[in-house]
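Right, one structure below, let's go through it.
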Amino acid sequence: MKTLNKLLFPAILAALAAYLFFNAYTQRSVASFLWAFSVALLAVAALTSFLRNAVITTISIVVTLAIAETALGYLPALIAKKPDSGINTAKDKSIFAYFDSAQTYNTPAYWHLGQFGSQPKPGIFTAKKVASNGDVLYDTIFTIGPDGFRVTPKYGDKQSHRINFLGDSFTFGEGVSDNETMAYYVGDLVNSQQQGAKWAPLEVKNYGIHGWGIHQGLAVLQSDLDTKANLNLVLTAPWHASRVGCADFFSLGSPKYQLQADGLVKRDGYCRSFGWVEHSPKALRGLITSSKVFNLIQDSLLVTSDQDKQLEIYLGVLKTMAAESKKRGEDLVVGFIKADDQWFVGTYNNEKVIEAIKGMGINVIDMTLAEKNELLDRNYYIHELDKHPTGAANLARAKLLISNITK
């Protein structure tokens, strides 16, 4: 009976630890994992005196990390409760978007960590995003080629011209089908209509990926991939600057660049990287990178947080892309989409960024499709909960590009 009583408390702790480990796995919660680990160590300490002092010291460290992880997890909710500007009504805030559980995009089956950061795996993937009020934001298919980029059609075997499309999810075509991306429309219009006869036959290549920035576009041009083209089109917006500065958590593992005195940038490792993280097993890497404490450390040590400095590196990346294109005998065009005016917190604004790009001798096309981004026509974005461009927006931008290169 005495032995049974001695084992009861450790058994209860072990059961609690098992539950917390299960919760950590199902909820992808680092805080739950740390609490589970500390409870498991308590069970060991209660069961045996072997290395008890070391175990107790470890428990203290793990519990401290668990408290910090839990507190940081609640921080966004506390911030969200602060009074806002009143722009959004309570009804608007109650509606949210999420990915359908049956779709295959935005799952581990889709993503892997490649040489440019997060990148899709080859294959055909379903993509469905819905709103909590029942609206279907999009329901489509993404086809990823063997090289990890979205497929674009071939127009015969004797294509004499090529355009590379570099950018993020806007370039990729988030929420639209394979035949509604900007790259697809440019290829289709040039190769099938008389207005594009000067450039036909034309090959188009889509190097845009969800969450990417122009720094990944530069890395693509500097890579061993076959990127030889006549024209490189960079579809970009000022908010790419935070990605270039490694400020966004999803920039982990993407190429990092450092601004030089001549205004060009030089490769400087990887964003938000301690090196060993990218090379750790996938399960461990996922646990580490999901940690609020780890992300806080990254933000403190590995991120350019000042927006003006982010934009300076951003401009340096564009200048380097122009130099890279010129060296290869290629043209560079920047398709510029304005950010909301309230996005800027430093000394820059949309006009200042555009003038800086033009001042580097780069051809800039305003592809905002409105005088201000805040005034964008409803026909040009998917949903109020998802401002990615519709097929109509991609078609309009394709026509802007064709008109520019024809001139």
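The values are calculated or read from the model by the stated rules, or taken from the named source; none is laboratory data. Note that the coordinates shown come from a computational prediction; the quantities given were computed from them, not determined experimentally. Methodologically, a virtual Cβ is constructed for each residue, glycine included, from the backbone with ideal geometry; neighbour enumeration extends over all protein chains shown.
Would you confirm, using the coordinates I've provided, whether LEU235 is farther than 25 Å from ALA127 by Cα and of a type in the set (A, V, I, L, M, F, W, C)?
no
When residues of segment 160-170 are filtered for being in a loop (DSSP other than H, G, I, E, B) and hydroxyl-bearing (Ser, Thr, Tyr), how many remain?
1
Test each condition in (1) farther than 30 Å from VAL136 by Cβ; (2) in contact with a helix residue (DSSP H, G or I) (Cβ under 9 Å, 6 or more places away or on another chain) for LYS407 and report the one that comes out false.
(2)
State which residue is surrounded by the fewest Cβ atoms within 10 Å (Cβ to Cβ) when the search covers only segment 171-180 and only residues that are out of contact with any Leu (no Cβ under 9 Å at 6 or more places or on another chain) and outside any loop (DSSP other than H, G, I, E, B).
Once the filter is applied, the top-ranked residue is ASN179.
Can you confirm whether ILE402 is in the same structural domain as GLN193 (by TED's automatic domain parsing) and either assigned to a loop (DSSP other than H, G, I, E, B) or touching a strand residue (DSSP E or B) at 6+ places or on another chain (Cβ under 9 Å) (or both)?
no
Consider ALA339 carefully, then state whether it is exposed (fewer than 15 other Cβ atoms within 10 Å of the Cβ) and hydrophobic (A, V, I, L, M, F, W, C).
So ALA339 fails the test.
If I ask for residues that are without any contact (Cβ under 8 Å) to a residue 12 or more places away in the chain and either more than 27 Å from HIS215 (Cα to Cα) or of a type in the set (D, E, K, R) (or both), which ones from segment 99-158 would you list?
SER101, GLY134, VAL136, ASP157
Could you tell me which residue of segment 181-204 is farthest from LYS158 (Cα to Cα), considering only residues that are outside any helix (DSSP H, G or I) and out of contact with any helix residue (DSSP H, G or I) (no Cβ under 7 Å at 6 or more places or on another chain)?
GLN193
Which numbered condition in (1) surrounded by fewer than 16 Cβ atoms within 10 Å (Cβ to Cβ); (2) closer than 21 Å to ASN206 by Cα; (3) of a type in the set (S, T, N, Q); (4) under 17 Å from the mean Cα position of the chain (by Cα) is the only one that SER160 fails?
For SER160, the exception is condition (4).
Kindly list the number of the only condition in (1) more than 24 Å from ALA219 (Cα to Cα); (2) surrounded by fewer than 16 Cβ atoms within 10 Å (Cβ to Cβ) that fails for GLY359.
Failing condition for GLY359: (1).
Show the residue pairs meeting these rules: Cβ distance below 9 Å; 6+ apart or different chains; first residue within segment 344-369 and under 24 Å from LYS326 (Cα atoms); second residue hydroxyl-bearing (Ser, Thr, Tyr) and assigned to a helix (DSSP H, G or I).
VAL353/TYR314; ILE365/SER403
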